[in-house]
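Below is one structure; the comments refer to it alone.
Values in this text are rule-based calculations from the coordinates and carry no lab data. Quick caveat, the model's predicted, so the values are computed rather than measured. Here the Cβ is made from the backbone with ideal geometry for all residues, glycine too, and neighbour counts use every protein chain on show.
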Amino acid sequence: MSGIIRNFVSLFLRMKDLKLLVGLVLCLPFASFAQSASPIQIGPKKISAESFLQVYKPLVESDSITKDNQAAFLSDYIDYQLKIVAAEQEKLADQPDFKEEYASFRKELATPYLVDMPTLDMLVKQAYQRMKEEKKVSQILVKLGENASPADTLVAFQKIEHIYQKLKAGEDFATLATRFSEDEMSAVKGGVLGYITSLQTAYDFENAIYSIGIGEYSKPFRTASGYHIVKILNQRPNSGKIRLAHIIVSAAVDAPTALQVEAKKKIEQVEAYLKAGESFELVCKNYSEDPYSRGRGGEIRRWYFSSDLSEELQDALFGLERLGDLSKPIRTNLGWQLFKLLDKKPLLTFEDMSEFIKQKVLTDADRQSLIKQAFMKRVRVENKVIVQEATKKAAFERMNVERTGSEPFLQEPIFSVLDKTYTVGDFYTHVQSQQKRRIKSLGYLPVVSEQSYLDELIEKETLNAEEANLESKYPAFKEQMADFLEGSLFSKMTDQEIFEKSLDSLTQSKFYLANKSAFVMPARVEAKLVVADSQKTLKEALDLLKKSPYPMNKKLADLSFGLKESKLEEPSNKLLAELFVTMAKNVDYVVEISGHRDASEADSLSEARINKVVSYLNAKGISSQRIIQKDEANLKAASKTVKAKNARVSFRFFSASMDDVVKRFNALKPGSLEAKEGYFKKGLSPVIDAVEWTVGAKNYEAAGKFAFVEIKKVESERSRSFEEARGLVIRALQERLEKEWVAKLKQQYPVVINQVELEKLLKL
């Protein structure tokens, strides 16, 4: 509720005097009741002091409400609550579509509360630690479907075990991979997969490669793909990521020999031109056969990690060291390619990557399972899950015995969650349902233990109990759901009573015809107006206004970092606060954040420093659309002798508003500049009124002022057509409907103010 009211407060700063408002309220045939402790009653609904303060107090503390706008807030609050009461009395919350929307939102909101955070944090940290190293991996694979039959599973296991024994006997891994591996792509290369790091393979596969050292091979293990044996051929620090441009000469692998030879000669010619100093962009434009990248100098608009590339490309491209370095021509499935290194970044810090890794972990099925297991272990205790072991044993023994469905044994409790008991019959019903589902999905019934079926049911009901009790366990969740309920009721009532009615074409047309005189288009010009106190100021302003966004003269000190650090230190808080205040106060401002580093620092530091500032602004509610990121690296050093001075972020401000340009000039000399753009009617500007209303640019000088007027269009006074006035009609109609609706609600649900109690609360 508080969030919704906060949004409305700014719209209703109408009444300045609280006593006036209370007087108006009491004039409405409302009653006053000094004996009640509730400060406000609306129809049957009493609003407690606690409920009122829950909304009012945070707004006062944030300076959103002052003595000047208390009355406006109260008026807005009463109107809002009137609509909530109306929705409650109409039982909107009981409507099927509302229930569905409410349940959907609740399920979405519940998701973060149904996660074991310690396990999630452990997996995120583990993934990052592993990402610091890349493992060059070779594998032997015996394929097996995830839901394979026991017979097929045994055959696959015996095969991988036979290979494993050969390895233990000293046979060569690569030779065995070529002979036996069922991964066709890697088998021809002796099982080599290339370099791999965390979050790029199945979790069990990843665990295997990070549990052994160089030259070692694993025991057989199973994933969703089948049985594996892996060997570590080499390892290296994480290569980071690279961005490339390329020139490609197409030649399919199965193309005729003549075409293959022609393509090779062409790429060699390309290489010769580049070695002779020709521009990569120009050669690309003339020779590359990639229509998507040719027009932008061959630039490939994505970052590559080593695992994104074949082994051959990994070595060739990640071996490029300096920006602008060229590769040798490389034969790929696409033809012949030659690459240019555009950018290269090392692995970012944990702080910079943690959110990205968290999302990857949460979408990984194997890691999800671990998080779920830990969560279920905890909530089984919290929800007091008790299993009747004797009944469980008997139920397992009798599960496949013919049953009538009515014998007393089916009514015996097998487990309980909180105060709810589940019977043997509930368990058997679950088993039957799951068996039918598996047969329908797989075409056969896999072997599933009785314990697994019981664990499924316990897990399901425990999760249901946990989710059902989130409001009682987590006050924040309860408050969010209450906010959503009231907000949705308010929205639906507003849609029903105002917006839906105002969007009816017939209603709009009738309102337009009845109020046609209110929708006249006056004589006007579309123009740009710049007025200055001197010819010099006028010229400077016109030069500045040529291109938006306009540069501002707002200055902000550089934000310094420790050498080889991207961490925000304590002294930076004041500077960042100043940055935020500047952006919050100037809503049309755009800030350019330039990251810098010393030549001795890692390439990634300038970008990491930018990201820290961007994250701070985003967290404060400043949109990324108002931020320009510029990685200067070490191109603009602050000092050639003091390295620490180069570890910084610098700022420049721009604005999309002409008003800010005006402020820039008037800050130096008040009243020196006026600038406006848009439609002008008579009486809005003496300068516009003084010039002849004809299309074209005009210079005007009078009374010591110098003006530039550019008239783009001249329109005579006329009546707006219904189509032209539709927006104004809808707005006016909505205002009318709103006023009439609120008046009706106040008659239907009388507002009673306990003036004494209310004034006590308003004094806070």
Expressed in angstrom and rounded, the centroid-to-centroid distance over alpha carbons for region 480-555 and region 574-600 is 29
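Across every pair of different alpha-carbon atoms, what Kirkwood hydrodynamic radius in Å does region 241-346 reach? Please report the intermediate quantities before stating the final value.
Values: mean 1/r = 0.0717 Å⁻¹.
After inverting the mean inverse Cα-Cα distance, the result is 13.9 Å.
Helix-only mean residue ellipticity at 222 nm, the chain, DSSP H runs n ≥ 4 weighted -39,500 (n - 2.57), per residue, nearest 500. What is it? Each step should come with its number before you reach the end.
Working: 28 runs with 357 residues, N = 764.
That comes out to -14500 deg cm²/dmol.
Mind checking Rg over Rh on region 158-229, alpha carbons, Kirkwood formula for Rh? Walk me through the numbers on the way to the answer.
Values: Rg = 11.9 Å, Rh = 12.8 Å.
In region 158-229, Rg relative to Rh is 0.93.
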Which entries in LYS669/LYS763; LYS285/LYS645; LYS555/LYS612; LYS554/LYS620 show an alpha-carbon gap greater than 32 Å?
-> LYS669/LYS763; LYS285/LYS645
Centroid-to-centroid separation of region 699-751 and region 281-310 [C-alpha atoms, Å] | 52
Please work out the Kirkwood hydrodynamic radius for region 384-468, using every pair of different C-alpha atoms, and report it in angstroms with one decimal place.
-> 13.6
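Applying a 10 Å radius around every beta-carbon, put 59-69, 90-100, 178-188 in order of their mean neighbour count, most first. All intermediate terms of the calculation are to be shown ahead of the outcome.
Values: 59-69: 13.6, 90-100: 11.6, 178-188: 16.1.
Top to bottom by mean Cβ count within 10 Å: 178-188, 59-69, 90-100.
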Just how large is the dipole of the chain about the Cα centre, in debye to the nearest 20, putting +1 at every Lys and Arg Cβ and -1 at every Asp and Glu Cβ?
-> 1960
When SER566, SER250 are ordered from fewest to most other Cβ atoms inside 10 Å of their Cβ, what list results?
-> SER250, SER566
Once Rg/Rh (Cα atoms, Kirkwood Rh) is worked out from the coordinates, which option in [x] 1.02; [y] 1.04; [z] 0.97 does it equal?
-> [y]
Mind pulling the per residue volume of the convex hull built on the Cα atoms of region 660-764? Å³ is fine.
-> 235
Using alpha-carbon coordinates alone, the radius of gyration and Dmax of region 524-715 in Å work out to 21.4, 64
Going through region 318-366, which GluC sites (Glu not before Pro) have at most 14 other Cβ atoms within 10 Å and a DSSP loop state?
-> GLU321
